[in-house]
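Data block below; observations after.
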Amino acid sequence: MAVSILSSIPQIEKILQKAFISSYIDRLSRPIVTDIIRDEVKSYKKYILSASTSAEFSLEQLYDNIEHACWVMNQQRLQRVINGTGVIVHTNLGRSPINAELWQSVEDVNTHYNNLEIDLSTGKRGKRKGIIQTLMTHLVKGEDTLVVNNNASSVYLMLHELTQGKEVIVSRGEQIQIGGGFRIPDILALSGAKLVEVGTTNITTNQDYLDAITENTAMVLMIHTSNFKIRGFTESADIKELAKELPPHVILAVDQGSGTTVEDMPDEPTVASYIHAGADIVCFSGDKILGGPQAGLITGEQSLIQRLEKNPMMRAFRPSRIVYSLLEELAVRKLNQLESGSGVAETKSTMAEKNLKERADQLAEGFNDRVQVIRSEMTVGGGSLPDQSTPSWSVELIPQNTKYARSPEKLLNLMRGWPLPVIGVIKHDKVQLNLATIDDSEIAYLRNQLTEALQ
Ligand SMILES: *Cc1c(COP(=O)(O)O)cnc(C)c1O
């Protein structure tokens, strides 16, 4: 038996021609699928030779193994998913999706040659910045603006250039860690600055900052505590007063984080408000509330920004034409108050509750008890608007099939394996999908998939 099945295993080339393989070749490439088949055939042969005499083998089993291995690899490929979490800017789900109109508008510049580093009016070598600086001056009110690859780079560059070997004062209430291990004290250490902590986790006053200043102080760094909030008795420094009281040799820097500019986001201080209050330099992410590509933006006093631009690390941090083209287009649309420039955080968080309820009803229609419409909440997430949640509507899934009814985790797994994977959440031992982050166009697909899954 074992010997006969061994000799019946087709050659790799033959297996590659099987119908179930072709979509994986499209998704993963022929060499990778070939490797997977080779590995699976090898381990199946090994299994046959080592198995007991009574064990059963079949080519079907081998093909199943190959298909599963291809599937597992494909699950790791970057792909679209449906976000049913109700967290609008979700770091694990790619933060802000870029507006489709915005994306299409930069196709031409990215698929052709462009003037990235040539000045079209003189023909001379130009700067990478385009007009982003001018656009940003209108949006965030800094004199000059610099773009880097992400906001962690912004913080590093600011500290590296402006504070090396000197002291940086940070409140103990702002020693934050942002998802993925971005720790302010670590970045400070890397940049060569010396951290001076002031205040306590819940109270830091202007006097705490002022008392810590020495002639070796380079900067006061304030960090918008965006992914957590200390509740209860808290007091933080009044930045406007502090800006007035700081001696001239101390730079007042703010890591604003979320990049709120003209978006309608209640309680989230805008970048411009920090500049207005007297911050010398402010940095923020491009792909949170701003709604653009992954980027870090640093804005403020021109003399400081120009120093950052000349820092040798800038060569490592400079973004690509894709990022510049998207940011320019986004800024123009924001300044022209077009909906396509709002950013996903504003668009989704201001959606009418009635609209969300209607969509939940639409999703649940005809499923009787198996899909229940319930009240819920959405959050902006992604390290912005801590504690802020807005009313939303969700559906709760009640499968009849005991396998999924008993284990909401199993249902979540199943949904992640769908052709267009769906990310849900478990609440009260049930799988929920939040309509705040689900598009109208995704409802028909969900209904279709759920029909089978909930039986
Ligand atoms: C998100 C965030 C960062 C990190 O920004 P990335 O763009 O992810 O590098 C740093 N500081 C604050 C306050 C943030 O909110």
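The values are calculated or read from the model by the stated rules, or taken from the named source; none is laboratory data. Please read these numbers as outputs of a predicted model, since none were measured by experiment. Here the Cβ is made from the backbone with ideal geometry for all residues, glycine too, and neighbour counts use every protein chain on show. Side chains included, ligands, DNA and RNA excluded: accessible areas come from the protein's heavy atoms. Shrake-Rupley method; radii C 1.70, N 1.55, O 1.52, S 1.80 Å.
Side notes on the structure shown:
- Going through (1) crowded, with 19+ Cβ neighbours inside 10 Å; (2) in contact (Cβ under 8 Å) with a residue 40 or more places away in the chain one by one, V254 falls short only on (2).
- Among the residues of region 392-422, just one is open to solvent by 50 Å² or more (accessible area, probe 1.4 Å) and among the hydroxyl-bearing types (S, T, Y), namely T402.
- Helices (runs of 4 or more DSSP H) completely within region 314-380 that count 3 or more residues being touching a strand residue (DSSP E or B) at 6+ places or on another chain (Cβ under 6 Å): 353-364
Residue-wise test of (1) part of a helix (DSSP H, G or I); (2) surrounded by fewer than 17 Cβ atoms within 10 Å (Cβ to Cβ).
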{"residue": "P10", "(1), (2)": "no, yes"}
{"residue": "I21", "(1), (2)": "yes, no"}
{"residue": "V33", "(1), (2)": "yes, no"}
{"residue": "R38", "(1), (2)": "yes, yes"}
{"residue": "S52", "(1), (2)": "no, yes"}
{"residue": "A55", "(1), (2)": "no, yes"}
{"residue": "A69", "(1), (2)": "yes, no"}
{"residue": "Q75", "(1), (2)": "yes, yes"}
{"residue": "Q104", "(1), (2)": "yes, yes"}
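- Complete set of residues in region 311-338 that are free of Cβ contacts under 8 Å to residues at least 24 places away in the same chain and open to solvent by 70 Å² or more (accessible area, probe 1.4 Å): P312, R315, N336, L338
- Residue within region 117-129 that is under 20 Å from V282 (Cα atoms) and in contact (Cβ under 8 Å) with a residue 40 or more places away in the chain present: yes
- Condition met for V89 (of a type in the set (V, I, T) and either at pLDDT 95 or above or open to solvent by 50 Å² or more (accessible area, probe 1.4 Å) (or both)): no
- Selection of first residues in region 85-108 that are at negative phi and acidic (D, E) and of second residues that are open to solvent by less than 50 Å² (accessible area, probe 1.4 Å) and more than 14 Å from the ligand (Cβ to nearest atom), restricted to Cβ pairs under 6 Å at least 6 apart or on distinct chains, gives the following pairs, ordered by first then second residue: E101/S340.
- Subset of region 279-307 [away from the ligand (no atom under 13 Å from the Cβ) and polar (S, T, N, Q)]: T299, Q302, S303, Q306
- 2 or more residues assigned by TED's automatic domain parsing to the domain that holds T270 and surrounded by 15 or more Cβ atoms within 10 Å (Cβ to Cβ): qualifying helices (runs of 4 or more DSSP H) within region 107-188: 132-140, 151-163
- Residue check for F228: at pLDDT below 85, over 25 Å from S342 (Cβ atoms) and touching a Pro at 6+ places or on another chain (Cβ under 8 Å): yes
- Of the helices (runs of 4 or more DSSP H) entirely within region 397-455, those holding at least 1 residues that are farther than 19 Å from Q362 by Cα occupy 402-405, 408-416.
- Residue within region 293-305 that is within 18 Å of L102 (Cβ to Cβ), assigned by TED's automatic domain parsing to the domain that holds A237, part of a helix (DSSP H, G or I) and in contact (Cβ under 8 Å) with a residue 60 or more places away in the chain present: no
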